[in-house]
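The values are calculated or read from the model by the stated rules, or taken from the named source; none is laboratory data. Note that this is a predicted model, so its numbers are computed, not measured. FYI the Cβ positions are ideal-geometry reconstructions off the backbone, even for glycines, and counts take in every protein chain you see.
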Amino acid sequence: MQALDYHELTAIGLALALGLLIGVQRGWASRDGKPGSRFAGIRTYALFGLLGGIAGALQLRAAGFATVLLAAGAVLVVLGYWRSTKGRASISGTASLTGLIALAAGFLAGSGEYALASAMAGSTVLVLSQRSRWHHWLSHVEEAEMVAIARFALIALVILPLLPNDPIGPYGAWKPRQLWLVVVLVSGFSFAGYAAVRLLGPARGVLATAAAGSMVSSTAVTASLAGKLRDGSGNTMLLNAGVALASATMFLRVTLLTAALATFALPGFATLAMPGMVVSFAACWLILRRRGDGGPAYEDGMKLRNPFDLGPALLLMLLTMALTVAARWVLQRYGDSGLATVLAISGSVDVDSAIITMGNLPAGTLTARVAALVLALPVTLNTLFKTATLISIAGWRKSWPGASAMLASLVALGGGVLTVY
């Protein structure tokens, strides 16, 4: 049998360290327990990790012995669980499951899977350390919120992966998985906004969700906020401020994306986009000031409603389907000469797609000056599309501050175009 080399010793050392890390957390959690009441302590978990590491290091040269070591470790965990729960009214499998995880993490480390083993051990410690917070959170979750979580899991984790991603429909314009992803995004941002409001309070929750969500899709965030405006589930000015902030974040995001994917168009495009971003931020600030004079974030007696509402999400998906077909029709009818039109129409729902298309064009297809102007078109249409979505879902009476903010950003964008070109 060959001697262990340097890498194997390192792997076993990592296995021991990961078991020790888990053991430190478990020892701290049970520090006030009576002597003899613990399933395992810091030393035992460290040894579980070491045992798994030795088995992982030996699996290629002595597979049978490695299997015996793992089986013996698992049997010890089961026996320890049986002994610690014998005669007790309350039973918890956390300590035993943690022992098995320490054993598995050690085995992965010993096998050379350092990153996976470290991620497993780190995630385990993180989950275990959040015990009090999880229990506190669960004690405040209502039945309707639990149903909303289950429904969102259904559309995001069950339906989405099962849908095909092959083109269907007119001109092969529709990909079911991508279309359903729009529903998942809108519902997800609505759900995240609901959770943020519960955790951070109305003002910070709505604004944090709008800013973070718009780094992915400002259209989905706008549709989500429009649904809350329609239902009257929050302060009108606060939600409209979120719409304006989402618009400002969109300008920032597309500028950064242009810098990464279509660098040659960045100087001209940034000159056009920055005025719109500044106006959107200013509008958000003005709307928030008006909210400050308008009373509480949520009207008296008004409860924060359940977040799961598919109406805005399905409406946005239908509009996306229509615009995608329109873009394909223009491309087929006018060919490359309609490139700007195709980019503008396809980007009206998702500006990122227009920038990605621009970045994939052969070098020299467009000059930097023309490329910046072409990219301004999808930004313009996207803002108009979001404005129309906001008004169609929430109505003008409730959405005029946010709609006005987006239209004002377009005026600033247009002013930049006239100044530069």
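Do you know which residues across region 390-406 are over 18 Å from residue 288 (Cα atoms) and surrounded by fewer than 21 Cβ atoms within 10 Å (Cβ to Cβ)?
Correct list: 391, 392, 395, 396.
Just checking, does region 358-379 include any residue being among the hydroxyl-bearing types (Ser, Thr, Tyr), in a helix (DSSP H, G or I) and at pLDDT 65 or above?
no
Give the residue that is surrounded by the most Cβ atoms within 10 Å (Cβ to Cβ), with candidates limited to residues of region 59-71 that are touching a residue at least 12 places away in the same chain (Cβ under 8 Å), more than 17 Å from residue 102 (Cβ to Cβ) and not polar (S, T, N, Q).
Within region 59-71, the match that is surrounded by the most Cβ atoms within 10 Å (Cβ to Cβ) is 62.
If you scan region 141-181, which residues turn out to be in contact (Cβ under 8 Å) with a residue 24 or more places away in the chain, on the phi < 0 side of the Ramachandran plot and outside any helix (DSSP H, G or I)?
173, 174 - these are the residues of region 141-181 that are in contact (Cβ under 8 Å) with a residue 24 or more places away in the chain, on the phi < 0 side of the Ramachandran plot and outside any helix (DSSP H, G or I).
Can you tell me which condition residue 49 does not meet? The list is (1) assigned to a helix (DSSP H, G or I); (2) at pLDDT below 80; (3) not hydrophobic (A, V, I, L, M, F, W, C), and all the others hold.
Only one criterion is unmet by residue 49, namely (2).
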